[in-house]
Amino acid sequence: CTASVLATSPALGAGEYAIHDSQGLPACLKGEWPDWQQVEAFLDVFLSLDETEGAAYVTACNLDYRVMTEDEFSESFCGFYDSPGDFAADHAEESTGVDLDAWPFTCIDWEDAWRSQFECNSYHAEFIKSQGAYAIFAP
């Protein structure tokens, strides 16, 4: 693909390429001469996602410092939540089927549950400003 970029360059006899604006790319693709195949792989996945998931995909690639495949991203991304504790509560409710709005579940510190059950087991919560929410990623 690098060859096609160079071949279609408006500069006659172009022998190299450079990316001067890497805004929106994950850190692993920053710099003037990122691996073009990795840029293509990133764009293939990124462009298949909606804007919300795209923001999470960039974050996931930054966490792993590599371009993730669409399958890897799908397996890792758990969704957006107002807080990591909200993810812990939702996970508990889905996995047990228990109504968490009833006592004694209303007394659980879900932020502590996040730290003790998820964060220490390599889950990640990253606040994504553009979404105003935390993206949660499984290991």
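If you work out Cα Rg over 2.2 N^0.38 Å from the coordinates, which of (i) 1.06; (ii) 1.38; (iii) 1.43 do you get?
Identified label for the calculated read-out: (ii).
Give the residue from 89, 57, 100 lying farthest towards the positive end of the charge dipole for the chain; charges sit on Cβ (+1 for Lys and Arg, -1 for Asp and Glu) and the dipole is referred to the Cα centre.
It is 57.
Return the sequence-ordered ³J(HN,Hα) values of the stretch 104-117 in whole Hz as given by the Karplus equation 6.51 cos²θ - 1.76 cosθ + 1.60 applied to θ = phi - 60°, using x for Gly and Pro.
Values, residue by residue: x, 5, 5, 9, 7, 7, 5, 5, 5, 4, 4, 5, 7, 10 Hz.
Per residue, how many Å² of accessible area does the chain show with a 1.4 Å probe? Working shown, then result.
Details: 8610 Å² over 139 residues.
Per-residue value: 62 Å².
Roughly how many percent of the accessible protein surface of the chain is carbon and sulfur, given a 1.4 Å probe and a whole-percent answer?
Values: 4290 of 8610 Å².
Answer for the chain: carbon and sulfur cover 50 percent of the accessible area.
The values are calculated or read from the model by the stated rules, or taken from the named source; none is laboratory data. These numbers come from a predicted model, not from an experiment. When we count neighbours, we look across all protein chains shown, and the Cβ atoms used for this are built from the backbone with ideal geometry, even at glycine. Just the protein is used for accessible areas: all its heavy atoms, side chains included, with ligands, DNA and RNA removed. Shrake-Rupley method; radii C 1.70, N 1.55, O 1.52, S 1.80 Å.
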